[in-house]
Structures are given as structure tokens and as C-alpha cells.
1. Leaving ligands, DNA and RNA out of it, report the carbon-plus-sulfur percent of the accessible area of the chain at a 1.4 Å probe.
2. Taking only the alpha carbons of the chain, what extent do you get along each of the three principal axes, in Å, biggest first?
3. Roughly how big is the chain's charge dipole about its Cα centre, with Cβ charges of +1 (Lys, Arg) and -1 (Asp, Glu), in debye to the nearest 20?
4. How long is the gain from Val3 to Thr77 if the chain were fully straight, where each residue apart is worth 0.36 nm and the alpha carbon distance is subtracted?
5. Around Val44, under 13 Å between beta carbons, what's the net of Lys plus Arg minus Asp minus Glu among the other residues?
6. Is the stretch 78-120 rounded, prolate or oblate when judged by the Cα gyration tensor, a ≥ b ≥ c being the square roots of its eigenvalues, rounded requiring a/c under 1.5 and prolate requiring a/b larger than b/c?
7. Taking just the C-alpha trace of the stretch 55-108, give me its Rg and Dmax in Å.
8. Given the Cα-Cα distance of Asn39 and Ala89 and 0.36 nm per residue of separation, how much length would full extension add, in nm?
Amino acid sequence: VTVDKGVVTLSGEVKDDATKSALEAAVKGVKGAGDVVNNTTVAVAPAPDVVAPVVIAAESELSKSVKDATKDFPTVTATVDSAGVVSLAGTITKAKLTALMPVLQALKPKKVDTKKLTVN
């Protein structure tokens, strides 16, 4: 609050419009106060429960990394779509799939789809 020649200037941040109005009204009710300039701002409430976005590696990086990860599995083909989903097809043993999946998951794809993969 500053006062210059009877003009009261309010500044700072208030929690809502009702508080802003009440503050101005209270100051206008003070004996000797002239004009009131209300430069207060209403605080912006943070968005509730904002969830951080999922980070998906760029398609070209992800495609290259998936190709590198599957190079030792010649019976498996892998494709990456524009949404970051890795699709596996072909055949693989359960032991080899157990070794491959953590490597693919570490690349942070949106999903690893194994619907077209036959596990022996």
C-alpha cells in the first residue's frame, strides 16, 4: 500500500476476486483516504493433480535403438509406429524373450506389442 496526496495505491497478490474487492472497499472506508487505485492481482491456482507427460523417445531414435536391440534375435522382426509403439513379430524362445523385453522397455517406448510374436 502506498499513499500519495491522498491517493491510495494497492499492489500485490490476493487469493481471489472477492478478496480484491473487499480490500478496495475497506480502504475506501478509511477516513481521509481519497481515490483508491487497486493494482492487486489475483493469484493463479495451480492445476490440480497435474500429471507429467510420458516421455517417448523420438521415432527415429527409438527405431534405431529397437533395431540395435533386436539384431541378435534373427527370428524376430520389430517395427515402431509414430505413436512410439514397438510391435514384435516372428518366433522366439521364452528364455530369449525374457532377455529381450527388459532391453526394449529400457528404451521407453509407449508400449511393446507381442500379439504377433510366437513364443516357443
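The values are calculated or read from the model by the stated rules, or taken from the named source; none is laboratory data. Bear in mind that the values here come from a model prediction, so they are computed numbers and not experimental data. We place every Cβ from the backbone using ideal geometry, glycine too, and count neighbours over all the protein chains shown. Remember, those area values only see protein heavy atoms, side chains included, never the ligands or the DNA or RNA. Shrake-Rupley method; radii C 1.70, N 1.55, O 1.52, S 1.80 Å.
1. 57
2. 90, 22, 20
3. Numbers: 15 positive and 13 negative charges, 131 e Å.
With only Lys, Arg, Asp and Glu charged at Cβ, the dipole is about 620 debye.
4. Full-extension gain reported as 19.1 nm.
5. Net charge in that neighbourhood comes out at -2.
6. In terms of gyration-tensor shape, oblate.
7. 10.6, 30
8. This chain segment gains 11.6 nm when fully extended.
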